[in-house]
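Asker: Can you read through this structure? Questions will come right after.
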Amino acid sequence: MCRNITVLRGLEPAATSEEIYAAALQYVRKVTGVGALSGATREPIERAAAEVARITEQLLTEMPERRVPPQTVPPLRRPEVRARLGLD
């Protein structure tokens, strides 16, 4: 379903809260079919994404170490994505 969500477990340095939230938001938007947030969708989408992010952070801390690091880097670690989003 969410082929564009990158693996966060085993990253060096570890996945940040920002990266985890971005993945959670992408997942929630995908399963709800919401492309752009509106006044009617913003609050429930953001609330769900925050909950998914919280659970994901807990899951990542409970998982054993990976033997091999992920093959792709999360979008927020890519300079072209950060520049497009105005994060640098």
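Asker: Semi-axes of the equivalent ellipsoid of segment 17-85: what are they in whole Å, largest first, if each equals the square root of 5 times a C-alpha gyration tensor eigenvalue?
Answerer: Square roots of five times the eigenvalues give 24, 17, 9 Å.
Asker: On to the next question. Mind sorting I55, I5 by how few other Cβ atoms lie within 10 Å of their own Cβ, fewest first?
Answerer: Arranged by neighbour count, lowest to highest, I55, I5 become I55, I5.
Asker: Compute the label zone of A36 within segment 45-88: residues whose backbone N is under 19 Å from the point 7 Å along Cα-to-Cβ.
Answerer: What the label zone holds, given the 19 Å backbone N cut-off, is 45-46, 84-86.
Asker: Follow-up question, since we're still on this one. Over the chain, what relative contact order in percent results from Cα pairs under 8 Å that are six or more residues apart?
Answerer: Once normalised by length, the contact order is 42 percent.
Asker: Given labels modelled 7 Å from the Cα in the Cβ direction, how far is it in nm from L87 to V68?
Answerer: 2.6
No value in this document is a laboratory result; all are computed from the given coordinates. Predicted model only: the values in this text are computed from it and were never measured. Note that each Cβ is placed from the backbone with ideal geometry, even for glycine, and that neighbours are counted across all protein chains shown.
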